[in-house]
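To start, the structure itself, in structure tokens.
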Amino acid sequence: MSEQVRQIDKTGYLVGIAAYIIWGMFPLYFIWLAQADAVEVVFYRAVWGLVAVMAFLAVTRKMGDLRRTLRNKRTVLTLAIAGLLVAGNWTIYVYAVNSGRTVDAALGYFINPIMTVALGIIVLQEKVSKLQGAAIACGMLSIIVMVVGMGYLPWIAIALPLCFAFYSLAKKQVATSAPPVAGMVIETAAIVPPLGLYVWYLAAQSKDVFAKIHAAGGGATEVWIMIALLAGSGIVTIVPQTMFAWVSTRLPLGVLGMIQYFSPVMQLIIGVFIFHEHMPLARWIGTGIVWIALIFLTADMMVASRRTNRMLAAATRGTAPDTKGGKGNLAH
């Protein structure tokens, strides 16, 4: 391996970890937007995020990517559906943080890779390895333990990964027809109008965040601070997404699978030790079972990554690859 490749890999690790750390710190940002309705926050997050990605395309002179993508009606429709799914994911997440349920959101992101694998098996009929099957079984067991132990369904921890799993499925359908940033523009633009109608309704009923600020005795300073925070929510969303898009082409699947847990671990720490959210025993046990599932999934990713490397090496040498070592699925 050349020194240049080593440097690219090292940079990829650092950028990937940084992206997940930023995602992990989101609760500390969105708690400042607690006065706003969750959908209202998502609207401004989408608007300012759209401004940011359009500016990025203009500066990098890649508006042609957007024009070419817009010519494909099927891709545009799929991206619009993806936008609605990610808007649902964002709304649930903001609601969770601002209603004192950051721990449930963290658990949802722990479950996310399990849900994505399960969806690939059910919808795309991908083959399931023994490790994947064990992970899915553990995921189901964790939910049962929490429902029985806590007495209610932790819907946030289920709805979050479910929305994102279907979002990932939609994005997979357009992976070859929509460049990442151009696709982000279309999916974000698709959700602005319906979200805007809801925000208009709130304003008409004097229930929007700015009406709440005035009702609480706030003045122009508080309003401008809120405007800055809402605008910043779009920027802080686009930054890690762009970083991840860059990293995803430079790091092995196994590495990406491991560093993705930085985000929910940080959210769990923030929820328990900074926001002081309650963690009953059943939730601890359920989280522990999910961690066992993630160990299975990570092992499966590493097995699949090693097999891919052996096949590539064999292809380079012109010999038959050694495929021993399990039946892990390469498509995650």
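The values are calculated or read from the model by the stated rules, or taken from the named source; none is laboratory data. The structure presented is a predicted model; accordingly, all values stated were derived computationally and were not measured. Cβ sites come from the backbone with ideal geometry, for glycine too, and all protein chains shown count toward neighbours. With ligands, DNA and RNA removed, areas are computed over all heavy atoms of the protein, side chains included. Shrake-Rupley method; radii C 1.70, N 1.55, O 1.52, S 1.80 Å.
Summary of computed values
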{"quantity": "In the range 227-247, residue modelled with the highest pLDDT [restricted to those that are under 29 Å from Ile213 (Cβ atoms) and open to solvent by less than 10 Å² (accessible area, probe 1.4 Å)]", "calculated": "Leu230"}
{"quantity": "Residue match in the range 156-177 (condition: more than 30 Å from Leu66 (Cα to Cα), crowded, with 18+ Cβ neighbours inside 10 Å, touching an Asp or Glu at 6+ places or on another chain (Cβ under 9 Å) and in contact (Cβ under 8 Å) with a residue 24 or more places away in the chain)", "calculated": "yes"}
{"quantity": "Of the criteria (1) loosely packed, with under 15 Cβ neighbours inside 10 Å; (2) at pLDDT 90 or above, which one Thr11 fails", "calculated": "(2)"}
{"quantity": "Of all residues in the range 101-116 being of a type outside the set (Ser, Thr, Tyr) and touching a His at 6+ places or on another chain (Cβ under 9 Å), the one that is farthest from Gln35 (Cα to Cα)", "calculated": "Pro113"}
{"quantity": "The range 300-315 residues that are within 16 Å of Gln132 (Cα to Cα) and of a type in the set (D, E, K, R), paired with ones that are open to solvent by less than 50 Å² (accessible area, probe 1.4 Å) and modelled with pLDDT under 70 (beta carbon under 6 Å, 6 or more apart)", "calculated": "Asp300/Gly328"}
{"quantity": "First in the range 271-292 and within 21 Å of Asn112 (Cα to Cα), second anywhere and among the acidic types (Asp, Glu), Cβ under 6 Å, 6 or more apart", "calculated": "Gly271/Glu277"}
{"quantity": "Filtered residue count, the range 185-213, keeping only those that are open to solvent by 20 Å² or more (accessible area, probe 1.4 Å), over 21 Å from Ile235 (Cβ atoms) and assigned to a helix (DSSP H, G or I)", "calculated": "10"}
{"quantity": "Selection count where residues are surrounded by 15 or more Cβ atoms within 10 Å (Cβ to Cβ) and more than 18 Å from Ile213 (Cβ to Cβ), scope the range 36-61", "calculated": "13"}
{"quantity": "Near pairs, Cβ below 6 angstrom, 6+ apart or cross-chain, from the range 101-128 (open to solvent by less than 40 Å² (accessible area, probe 1.4 Å)) to any residue that is outside any helix (DSSP H, G or I) and small (Gly, Ala, Ser)", "calculated": "Glu126/Ala331"}
{"quantity": "Residue satisfying condition, being at pLDDT 90 or above, in a helix (DSSP H, G or I) and within 19 Å of the chain's Cα centre (by Cα), within set Val76, Val47", "calculated": "Val47"}
{"quantity": "Enumeration of residues in the range 267-291 that are crowded, with 16+ Cβ neighbours inside 10 Å and over 23 Å from Met25 (Cβ atoms)", "calculated": "Ala282, Gly286, Ile289"}
{"quantity": "Residue in the range 86-93 that is over 22 Å from Glu277 (Cβ atoms), in contact with a helix residue (DSSP H, G or I) (Cβ under 8 Å, 6 or more places away or on another chain) and open to solvent by 20 Å² or more (accessible area, probe 1.4 Å) present", "calculated": "yes"}
